[in-house]
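What follows is one structure encoded as structure tokens, with my remarks underneath.
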Amino acid sequence: MFKTSNKLAAWNIGLGMAALFIGGLFGPLQKLEHAGINLYTSLQNLGIASYYQGLTLHAVLNAIVWTTFFIIGFFTFVIPHSLKRELTNPKLNIAAFYIMVVGLVMTAVPILLNLATVLFTFYTPLMASPFFYIGLTIFVVGSWVAGWGFFATYITWRKEHPGQPVPFLAFGAVITMALWQIATLGVAVELLVFVIPWSLGWIEGTDPQMNRTLLWFFGHPLVYFWLLPAYLSWYGMVPKQVGGKLFSEPMARLVFWLFLVLSVPVGIHHQFLDPGIPQRWKLLQFGFTFALFVPSLLTAFNVIASLEIGGRNRGGTGLLGWIRALPWDDPSFTAQNLAMILFAFGGISGLANASYNMNLALHNTTWIPGHFHLTVGSAVTLTFFGIAYWLVPKLANKPLWNRKLALAQAWTWFIGMILMSNGLHALGLIFQAPRRSMLGAAPYASGEWQPLLIESLVGGLILGVSGLLFYANMIGTVTQKKQAPAPIEMPVAEPYRNDPSPAWLHTWRPWLITAAVLILVSYGPVLTYLFANMELTSPGFKLW
Amino acid sequence: MHIDRRERNFIIASIVLMFVFAVFILVSSFVMKIQVPQAPVPLGRVNPNTVATPGVSPWGDPVEERLRQVGPNQYEVYILGQAWSYQPAQITIPKGATVTFYVTSKDVIHGFDLQGTNINMMIIPGQISTLTATFDTPGEYKFICNEYCGIGHQTMFGTLVVEP
């Protein structure tokens, strides 16, 4: 029944993993450079002109290409299996894949030719080749088309099952794509109205404050686009994998609705230190950001309670003894549980960033990459590895090549990440060492930084080894001759209680209206203000 | 909707915690006056293409005139960021001075992070970033560019010297 969607899922996931492999190579190179070992001069023979070109590749491939392709691939698999019906219009989702590939190539070529060394946020008035921006736009449009294919399938299912609540996994996936559709409007306006015409020479100047604001309209909900698929697995799959049940399915659904409503009206917390945003809008969005933290706290309770049910079902006793009873020999569980632990720290450092004036101590220091490697680099990526440990065998119909290797991968990622991100957090907080910088060549770098740079380097090298372990296992799995002894099923968590959940958890209109109202309130006035005071004076600069 | 009692207590505690944190933050910003950068009032805008031209704005003045004393122990300094240096790159003030920084860029977005202080600002062409600090401890304080601005980004910094 699912032959088409399974194959399409495999292609999306495979391409995402290929992107992460290339993007990931630059991680250890960056850590080496910071500690004083600059390998970029030798890389120039291989076509990498600078640290900053490598950093652009690292972030674009890891934070955009890997994530988006994996997520869409994961949803392409999950939605049909959850709804027990194939995609209604597979050609639409197949077309989406091809559109995204076209966008990817059009973006990648300028980056590889060193015509787009603008980093993944591409702040103007640094100006890349127009193909970079056009390629990104096409890539995003492709992801929209994938979403429309999912929405069509969802709508058809609802017509075929009137009055029935949507199965949780499909529900969460569709909400994530709805959030993505709303979020990408900001970057779409930035690119289509301002940056692409400017890069083509049709408009002479641009307003960098305006462009930054439109980008961050998108940039914060982007991280929830990354995070919600991980939450979907933690709520909707992992409880089954540990022999437990989802403690509260209604609360889990509520959390997804809250993210739909609260993820966008907060983007200005990335701009607390911007001169051109009036203080009252920074304060309002600070308030919304603190509200946005609550659904993640709810997730912590619900997921840990669900794990506890499983641990106790497996014979664990005592206040904490159930933790030891969890299936630590299952790499899919272990990777995801370690991801959750790392995420706790990432969430805390993120809360610090979001705390209005506390941002003064942290903004654009290495604390920031310390934070996001714990979140997108661990909560999301390590969870996706955990999902891959059952999903790739399922799609290939072959067993996971080496279970012990997978466990070693999960633990080395955990240890490597603790060391690397601890080093980065401390360097940023104590010494205000800047991010996005060739620290090894910085005249202001102090000898006092060295121990933390070394800690961070050791962590980064361990992460590199961990990554290689993951790829070895993936390649081993798909190329081996063995077939899976029994069909691998998608884990689906059952709810702990069977109370009927209220109707307002199953209806879109109030949530969409609330989302629209909050966006209008938080962004309407400030975007109007910026537009009214816009001065298109900045020409493009190519400073690399 | 059924909510387990323990979960409900956790939810209430979470919301209360966020309110408590928010109160602390608001006290630190409005009572203790640790504030984020803003555009100076009236609306502070400049044209990055002409801001460094002599006579057009304070950032076009000779480098020696960028630091101005405006009162007993009160100073203003007009710093221009550009790829990849600050002008002035070295500023000397006496101990106890209160300095208001006015920083802008003539090309791309830069950062301005003055080590040892709460001064950390995005420097955006067309906009003026401003914050004030008082320097009670003699020493050398570096101000570093912490936003990617091109191939020489890692060399962009200046030094503030506080004389005893």
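Read the figures in this text as sums done on the coordinates, not as results from a lab. What you see is a predicted model; the values in this text were computed from it and never measured. So basically every Cβ, Gly included, is an ideal-geometry build from the backbone, and we count neighbours across all protein chains shown.
Checking the cross-link filter: which lysines have an alpha carbon closer than 19 Å to that of A:LYS3, excluding same-chain neighbours under 8 positions apart?
A:LYS84, A:LYS91, A:LYS394, A:LYS398
How high is the relative contact order of segment B:58-163, given as a whole-number percent (alpha carbon pairs under 8 Å, six or more residues apart)?
That works out to 28 percent.
Which of A:MET438, A:ALA188, A:PRO165 sits farthest toward the positive end of the charge dipole of the protein assembly as shown, with +1 on the Cβ of Lys and Arg and -1 on the Cβ of Asp and Glu?
Checking the options against the dipole of the protein assembly as shown, the answer is A:PRO165.
If you average the alpha carbon positions of segment A:396-448 and of segment A:480-531, how far apart do those two centres end up, in angstrom?
Segment A:396-448 and segment A:480-531 have Cα centres spaced 31 Å from each other.
Specify whether the C-alpha gyration tensor of chain B places it in the rounded, prolate or oblate class, a ≥ b ≥ c being the square roots of the eigenvalues: rounded for a/c under 1.5, otherwise prolate if a/b is larger than b/c and oblate if not. Walk me through the numbers on the way to the answer.
Details: a/c = 2.44, a/b = 1.88, b/c = 1.30.
Judged from the Cα gyration tensor, chain B comes out prolate (a/c at least 1.5, a/b above b/c).
Zone of A:ILE341 (label point 7 Å along Cα→Cβ, backbone N under 20 Å): which residues in segment A:458-481?
A:458-467, A:469-470
Tell me, what HN-Hα J-couplings in whole Hz come from the Karplus equation 6.51 cos²θ - 1.76 cosθ + 1.60 at θ = phi - 60° for each residue of segment A:147-161, using x for Gly and Pro?
Running phi through 6.51 cos²θ - 1.76 cosθ + 1.60 with θ = phi - 60° gives x, 4, x, 5, 4, 4, 5, 4, 5, 4, 4, 5, 5, 7, 10 Hz.
Enumerate the calculated ³J(HN,Hα) couplings along segment A:78-90 in order (Karplus 6.51 cos²θ - 1.76 cosθ + 1.60, θ = phi - 60°), each rounded to whole Hz, writing x wherever the residue is Gly or Pro.
Computed from phi, the couplings for segment A:78-90 are 5, 4, x, 5, 6, 8, 6, 8, 5, 3, 5, 9, x Hz.
Could you run the Karplus curve 6.51 cos²θ - 1.76 cosθ + 1.60 with θ = phi - 60° over segment A:372-384 and give me ³J(HN,Hα) per residue in whole Hz, x for Gly and Pro?
Listing the rounded values in order: 6, 6, 7, 9, 5, x, 10, 3, 8, 5, 5, 5, 4 Hz.
In peptide A:199-211, how many Cβ atoms from other protein chains are near each Cβ within 10 Å, on average?
2
Is the shape of chain A rounded, prolate or oblate, going by the alpha carbon gyration tensor and its root eigenvalues a ≥ b ≥ c, with a/c under 1.5 for rounded and a/b larger than b/c for prolate?
Note, shape of chain A comes out rounded.
Calculate, for A:ILE415 and A:VAL109, the FRET efficiency according to 1/(1 + (r/R0)^6) with r their C-beta to C-beta distance and R0 41 Å; round to the nearest 0.05. Write out the running numbers ahead of the final one.
Working: r = 37 Å, r/R0 = 0.90.
The computed FRET efficiency comes out at 0.65.
Taking the simple approach of a point 7 Å from Cα along Cα-to-Cβ for both A:GLN164 and B:ARG5, what is their distance in nm?
3.7 nm
Assuming a ≥ b ≥ c are the square roots of the Cα gyration tensor eigenvalues, decide whether segment A:328-506 counts as rounded (a/c under 1.5), prolate (otherwise, with a/b larger than b/c) or oblate. Each step should come with its number before you reach the end.
Working: a/c = 3.33, a/b = 1.50, b/c = 2.23.
Oblate, because a/c is 1.5 or more while a/b does not exceed b/c.
What ranking of A:THR41, A:THR88 emerges when the number of other C-beta atoms within 10 Å of each C-beta is taken as an exposure proxy, fewest first?
The order, fewest Cβ neighbours first, is A:THR41, A:THR88.
With a Förster radius of 25 Å, plug the Cβ-Cβ distance of B:VAL56 and A:TRP202 into 1/(1 + (r/R0)^6) and report the FRET value to the nearest 0.05.
0.35
List A:TYR471, B:TYR148 from most exposed to least, where exposure is judged by having the fewest other Cβ atoms within 10 Å.
The most exposed by this proxy come first: A:TYR471, B:TYR148.
Is there a pair in A:LYS282/B:LYS142; A:LYS245/A:LYS481; A:LYS31/A:LYS542 whose C-alpha atoms are over 32 Å apart, and which pairs would that be? Walk me through the numbers before you get to the answer.
Details: A:LYS282/B:LYS142 28 Å; A:LYS245/A:LYS481 35 Å; A:LYS31/A:LYS542 26 Å.
Pairs exceeding the cut-off: A:LYS245/A:LYS481.
Among A:ASP330, A:ASP274, which comes first, second and so on when ranked by fewest other beta-carbon atoms within 10 Å?
A:ASP330, A:ASP274
As a test of the formula, what do you get for chain A when each DSSP H run with n ≥ 4 contributes -39,500 (n - 2.57) and the sum is divided by the residue count, at 222 nm and rounded to the nearest 500 deg cm²/dmol?
-22500 deg cm²/dmol
Given H placed 1.01 Å from N in the peptide plane, which residues other than close sequence neighbours of B:LEU131 have an amide H under 5 Å from its amide H?
Amide H to amide H, under 5 Å and 5 or more residues apart or across chains, B:LEU131 pairs with B:PHE101.
So how far, in whole Å, is the C-alpha centre of segment A:105-157 from the one of segment A:263-281?
Their Cα centres are 24 Å away from one another.
Taking amide H atoms as placed 1.01 Å from N in the peptide plane, list the residues 5 or more away in sequence, or in a different chain, whose amide H sits under 5 Å from that of A:THR365.
Result for A:THR365 returns A:ARG435.
Cross-link partners among aspartates and glutamates for A:LYS7, C-alpha distance below 15 Å, same-chain residues fewer than 8 apart left out?
A:GLU86
Hey, what did chain A get for relative contact order, percent, Cα under 8 Å, at least 6 apart? Kindly include the intermediate steps, with their values, before the conclusion.
Numbers: 883 pairs, mean separation 99.9, N = 544.
Across chain A, relative contact order equals 18 percent.
What average count of beta carbons from other chains do you get within 10 Å of the Cβ of residues in A:530-536?
The mean count of partner-chain Cβ atoms within 10 Å per residue comes to 2.
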